[in-house]
1. When you scan the range 89-108, do you find a residue that is touching a strand residue (DSSP E or B) at 6+ places or on another chain (Cβ under 8 Å), aliphatic (A, V, I, L, M) and closer than 18 Å to Ile203 by Cβ, even just one?
2. Just to be sure, is Ile247 open to solvent by less than 10 Å² (accessible area, probe 1.4 Å) and either in contact with a strand residue (DSSP E or B) (Cβ under 6 Å, 6 or more places away or on another chain) or more than 22 Å from Gly141 (Cβ to Cβ) (or both)?
3. Looking at the range 125-134, which of its residues are open to solvent by 10 Å² or more (accessible area, probe 1.4 Å) and under 14 Å from Val184 (Cα atoms)?
4. Given the conditions (1) of a type outside the set (Gly, Ala, Ser); (2) open to solvent by 60 Å² or more (accessible area, probe 1.4 Å); (3) touching a helix residue (DSSP H, G or I) at 6+ places or on another chain (Cβ under 6 Å), and given that Pro173 satisfies all but one, which numbered condition is not satisfied?
5. Check Leu219 against each of (1) in contact (Cβ under 8 Å) with a residue 60 or more places away in the chain; (2) open to solvent by 50 Å² or more (accessible area, probe 1.4 Å); (3) within 19 Å of Ala148 (Cα to Cα) and name the one condition it does not meet.
6. Quickly run through the range 1-31 and pick out the residues that are part of a helix (DSSP H, G or I), surrounded by 11 or more Cβ atoms within 10 Å (Cβ to Cβ) and at pLDDT 55 or above.
7. Would you mind stating whether Gly182 is open to solvent by 50 Å² or more (accessible area, probe 1.4 Å) and on the phi > 0 side of the Ramachandran plot?
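The values are calculated or read from the model by the stated rules, or taken from the named source; none is laboratory data. Model, not experiment: these values are computed from the prediction. For neighbour counting, all protein chains shown are included, and Cβ atoms are generated from backbone atoms with ideal geometry for every residue, glycine included. Only protein heavy atoms, including side chains, enter the accessible area calculation; ligands, DNA and RNA are left aside. Shrake-Rupley method; radii C 1.70, N 1.55, O 1.52, S 1.80 Å.
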Amino acid sequence: MMKTTRPLLLLIYSLIPLLASAADDNVVKIAGGPKTGEYINIAKALCPSLGQLFQCEAIETGGTLDNKKRLENGEVSFGLAKSNVAEEWMKDSTFASKFFIARRIGDESLFVFGKPEVLQAVGSWVGVRENAFLLSIGLPGELSGDTAVFNSLKSVEGSPLANLQVKMYADRPALVAAVKSGEVKLGFIAQVPNPTNSLFASINDSGLVIMGVIDPDMLTFGETFRIKPVTVKNAKWFGLGGGAKQIETANVPAAIVAAKPDALQGRAKMTQEAALKKIQEAPEKDLLPQQPWMQDLANQASLKTGAGLEGVMKSVTDAAAGAKERISNLSDGK
């Protein structure tokens with residue numbers, strides 16, 4: 001009996017990896033982001049938009065750069081990424097031969113936060129740029145989308161952000177704690193202004209305030225950055241007395257980066273083709289979380305070249321006047 005049973009068991013065990021692989025070929029896996037961000041919620045919204053024909057998993061990850069790794073190792077067939085970062089990936093012919101930007105959806109707003117006296121000193125993001133050598137900034141992890149966006153701005157030839165002292169932290173809660181303690185003067189984040197997001201609440205509870213990020217170099221990125229008026233209800237804006245105030249800041253749409261079906265085989269290829277068709281044809285509102293604030297932001301028109309944008313650029317430049325002296329007068333403390 002033992003001689004008959006053992007070969008059968010060995011055969012069954014040998015088939016388990018193949019069966020698991022076949023099951024995975026029928027599942028659409030979307031790499032989202034950390035639980036404190038909004039990409040994981042967008043990924044979760046994408047799943048039901050595919051309809052009943054698909055099994056779909058929205059996977060919590062470290063963010064944009066982590067999602068690239070998961071795409072490359074075949075763990076997922078879709079991954080969310082900051083648009084400007086995804087465009088950089090496409091310049092790599094090896095990566096672009098297997099992946100492409102299937103669509104751009106939504107907007108993620110850029111913010112810097114710090115103690116009120118620090119933001120008062122810099123005046124605006126232009127004040128940060130022009131006095132980068134006097135400041136320090138924290139980022140929430142090497143693989144986060146926040147870091148990827150900051151690095152793209154920093155890497156523009158001639159950007160004074162190259163002189164900014166940068167420190168990396170494990171995650172967003174650690175970054176908030178570092179800014180609160182004075183370990184760094186500022187924190188940089190890219191976040192959809194969800195009125196119930198715990199990140200903004202933690203910034204507010206720490207006695208910190210937030211400021212919009214409008215960098216002159218953004219104008220060289222075309223539509224990658226969209227300057228829009230946004231509202232954050234559970235954190236205080238610098239200079240506006242807190243509350244539900246609107247302010248202009250840069251927004252980065254999310255790129256849905258997808259594996260090319262031709263780079264896959266068999267059932268996985270057919271599943272990817274069908275999922276792509278759904279994602280590319282669906283109205284944008286159906287692909288985003290259905291909360292009113294998310295839908296409102298998607299419908300908000302961005303400022304274009306002309307009086308609106310020029311006025312904003314002049315405003316942030318004027319606010320930075322005298323920043324060097326004000327920053328120099330800050331106590332070592334941060």
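1. In the first step, residues of the range 89-108 are kept if they are touching a strand residue (DSSP E or B) at 6+ places or on another chain (Cβ under 8 Å); the result is 89-90, 98-108.
Okay, now just the ones that are also aliphatic (A, V, I, L, M), so 90, 101-102, 105.
Filter once more, keeping what is closer than 18 Å to Ile203 by Cβ: none.
No - not one qualifying residue is present in the range 89-108.
2. Numbers: open to solvent by less than 10 Å² (accessible area, probe 1.4 Å): no; either in contact with a strand residue (DSSP E or B) (Cβ under 6 Å, 6 or more places away or on another chain) or more than 22 Å from Gly141 (Cβ to Cβ) (or both): yes.
So Ile247 does not fit the description; no.
3. Within the range 125-134, Phe133, Leu134 qualify.
4. Looking at each condition in turn, Pro173 falls short on (3).
5. All conditions are met except number (1).
6. Asp24, Asp25 - these are the residues of the range 1-31 that are part of a helix (DSSP H, G or I), surrounded by 11 or more Cβ atoms within 10 Å (Cβ to Cβ) and at pLDDT 55 or above.
7. Values: open to solvent by 50 Å² or more (accessible area, probe 1.4 Å): no; on the phi > 0 side of the Ramachandran plot: yes.
Answer is no for this residue.
Table: residues versus (1) touching a strand residue (DSSP E or B) at 6+ places or on another chain (Cβ under 7 Å); (2) modelled with pLDDT of 95 or more.
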site: Gly33; (1), (2): yes, no
site: Thr36; (1), (2): no, no
site: Asn41; (1), (2): no, no
site: Ala45; (1), (2): no, no
site: Leu50; (1), (2): yes, no
site: Leu53; (1), (2): no, no
site: Cys56; (1), (2): yes, no
site: Glu60; (1), (2): no, yes
site: Thr64; (1), (2): yes, no
